[in-house]
Amino acid sequence: MIPTLRVERDDAANLSMQLATHLRELILAGDLPPGTRLPASRVLASEQGVSRTTAVAAYEQLTSEGLLVSRVGAGTYISDEVRTPPAHRTPFEADGHLPRLAHFSREISEQFFPRLTHPCSPRPFVTGMPAFDAFPMAQWSRLSAKYWRGARADIMSYPDATGLPELRMAICRHLRANRGLVCEPEEVFVFAGAQDAFLQIAQMLLDPGDRVWMENPGAIGARNAFLSRGAELVPVPVDAEGLDVAAGRRACPNMRMAFVTPAHQHPMGYTMSRDRRFELLAAAEESGAWIVEDDYVGEFHYGRSPLPPLKALDGAGRVVYVGTFSKALFPAIRLGYAVVPSGLVDIFERTLGAAAHGVSHAMQSIVADFIAEGHFSAHLRRMRDLYRTRRDALLAAGARHLDGRLMLLPTETGFHTVGLLPEGADEARVVEAVSAAGLATAPLSRFALSPLAVKGLTLGFSAVAPHEMEKGVERLAAALRALG
Ligand SMILES: Cc1ncc(COP(=O)(O)O)c(C=O)c1O
């Protein structure tokens, strides 16, 4: 009799595996010591309510592992050779011991900042979330179904680590049409989102100790990517013209890299001015630094025609441009891309080809078709109108309800703006009250690398319809009033 053995019948296909697993656990825990005689397979089968074949298969499995021996005419025994693991078997974390970790996990990871977790369902002020309600699901489903009807050899093997040629071509077409950026398909590399691109770029272009200009306040994901390579981050202030290049030069004239979000400074929402763009390009050229341009919401502008990306002005080949489909389509797609200077094409090809297996072939192919058939450009046009309406709804509701308690910055781009708090306000207390009212916001200090001169909250407008935004702003105003 082995009373503690129990099999789960709803997993009938695996009964012999279950029996073997339970017996193995008992043997290795020492509950069935070496030399113990086990019931005959017929008896075990009837005790456990399984077929004899199942019981025999379990015994055979454990015999092949050296845990059981059969003695002809005498039955089945726990082998005398069984060595139970050492007596001290508590997991290392239970008694406070840490395994030996790499420098990355031991030290660098402590400096990481958690990224914002986006709630699954859209709520007022959530940032970075496109309008799921307006996504052209019918076209998307048709293209997905078409993809899966393709030849198996085409759709089922490893994708090219640098990106699907059709998608690299389609991205070039998109960038020329929608961002005024001309590039060649071989300069385009596809990644699992912008964040993956930042990590790979950091891996290829940064050494530990290299200094990187970071916008302050600035993007958390990119910050973590550069930290993960041991880079030394240099906070550079931003103002309404974007990164303050003169301040960067004063703080660290010989940087190795500068990270910027010129189209919509993250999180302040400013657009980098033309002059600052030229200043930054000149500073990078002088110090032989790379510029990583994160154009995460570059497709979404609501005023006059936008300035082209920095990359379009880059005569010296210093700019690595990073784009994403997380905002223009949806984040679950996990597709982003980098357009690299021609001088970096070879190293990107070599490193990605050697170490990576690329990203989902299906997603790349569906997006390539979506762009090639003109749906993407049409979607972007519709979404620009929709987000303009949503932005206007936020600003108008703010003017109606906020009574100057929060000054909303009038952004011309992107998915969110910022509400500035009066001097002396307690940012943490405000965010706590606003979050308790069920609204999704974050304090500016969350994006700070060093103390900021301003206080405020991020306010996303892309994810919810104007009538919900109105209610959200009313709740925001009530929360602020309650604080006095
Ligand atoms: C500043 C910034 N850049 C890029 C992205 C896009 O990252 P991914 O393409 O990995 O979704 C985000 C996402 O919210 C972001 O905040």
Would you pick out the residues in the stretch 305-353 that are free of Cβ contacts under 8 Å to residues at least 40 places away in the same chain, away from the ligand (no atom under 16 Å from the Cβ) and more than 19 Å from GLU184 (Cα to Cα)? SER305
Somewhere in the stretch 173-182, is a residue more than 21 Å from ALA222 (Cβ to Cβ) and assigned to a loop (DSSP other than H, G, I, E, B)? yes
Which of the residues spanning the stretch 285-304 are within 15 Å of the ligand (Cβ to nearest atom) and part of a loop (DSSP other than H, G, I, E, B)? ASP295, TYR296, VAL297, GLY298, GLU299, PHE300
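Does at least one position in the stretch 54-62 carry a residue that is more than 18 Å from ARG9 (Cα to Cα), in contact with a Phe, Trp or Tyr (Cβ under 6 Å, 6 or more places away or on another chain) and at pLDDT 90 or above?
Filtering the stretch 54-62 down to residues more than 18 Å from ARG9 (Cα to Cα) leaves 59-62.
Restricting the remaining residues to those that are in contact with a Phe, Trp or Tyr (Cβ under 6 Å, 6 or more places away or on another chain) gives none.
No, the stretch 54-62 has no match at all.
Among the candidates ALA436, ALA393, ALA356, single out the residue that is in contact with a helix residue (DSSP H, G or I) (Cβ under 7 Å, 6 or more places away or on another chain), small (Gly, Ala, Ser) and touching a residue at least 40 places away in the same chain (Cβ under 8 Å). I'd like the intermediate steps shown before the answer.
Details: ALA436 fails: in contact with a helix residue (DSSP H, G or I) (Cβ under 7 Å, 6 or more places away or on another chain); ALA356 fails: in contact with a helix residue (DSSP H, G or I) (Cβ under 7 Å, 6 or more places away or on another chain).
The unique qualifying residue is ALA393.
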Residue list for the stretch 118-149, restricted to those being in a helix (DSSP H, G or I), of a type outside the set (A, V, I, L, M) and either in contact (Cβ under 8 Å) with a residue 12 or more places away in the chain or within 16 Å of the ligand (Cβ to nearest atom) (or both): PHE132, ASP133, GLN139, TRP140, SER144, LYS146, TYR147, TRP148
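Would you mind finding the one in LEU457, LEU444, LEU449, LEU439 that is closer than 27 Å to TYR296 by Cα, buried (at least 24 other Cβ atoms within 10 Å of the Cβ), within 24 Å of the chain's Cα centre (by Cα) and of a type in the set (A, V, I, L, M, F, W, C)?
Working: LEU444 fails: buried (at least 24 other Cβ atoms within 10 Å of the Cβ); LEU449 fails: buried (at least 24 other Cβ atoms within 10 Å of the Cβ); LEU439 fails: buried (at least 24 other Cβ atoms within 10 Å of the Cβ).
Going through LEU457, LEU444, LEU449, LEU439 in turn, the sole match is LEU457.
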When only residues in the stretch 321-369 that are farther than 15 Å from LEU164 by Cβ and among the aromatic types (Phe, Trp, Tyr) count, which is nearest to the chain's Cα centre (by Cα)? PHE330
Is the stretch 150-157 home to any residue that is buried (at least 19 other Cβ atoms within 10 Å of the Cβ) and outside any loop (DSSP other than H, G, I, E, B)? no
Could you run through the stretch 128-158 and say how many residues are at pLDDT 95 or above and of a type in the set (Ser, Thr, Tyr)? 3
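Yes or no, residue by residue, for (1) more than 13 Å from the ligand (Cβ to nearest atom); (2) free of Cβ contacts under 8 Å to residues at least 24 places away in the same chain; (3) among the β-branched types (Val, Ile, Thr); (4) in a helix (DSSP H, G or I):
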| residue | (1), (2), (3), (4) |
| --- | --- |
| PHE198 | no, no, no, yes |
| ILE201 | no, no, yes, yes |
| GLY209 | yes, yes, no, no |
| MET214 | no, no, no, no |
| GLY218 | no, no, no, no |
| GLY221 | no, no, no, yes |
| ARG229 | yes, no, no, no |
| PRO235 | yes, no, no, no |
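Just checking, which of SER435, SER365, SER360 is among the small types (Gly, Ala, Ser) and more than 15 Å from PHE191 (Cα to Cα)?
Details: SER365 fails: more than 15 Å from PHE191 (Cα to Cα); SER360 fails: more than 15 Å from PHE191 (Cα to Cα).
From the options SER435, SER365, SER360, the qualifying one is SER435.
The values are calculated or read from the model by the stated rules, or taken from the named source; none is laboratory data. Keep in mind that what you see is a predicted model, and the values were worked out from it rather than measured. In this analysis, Cβ positions are derived from the backbone assuming ideal geometry, glycine residues included, and neighbour counts consider all displayed protein chains.
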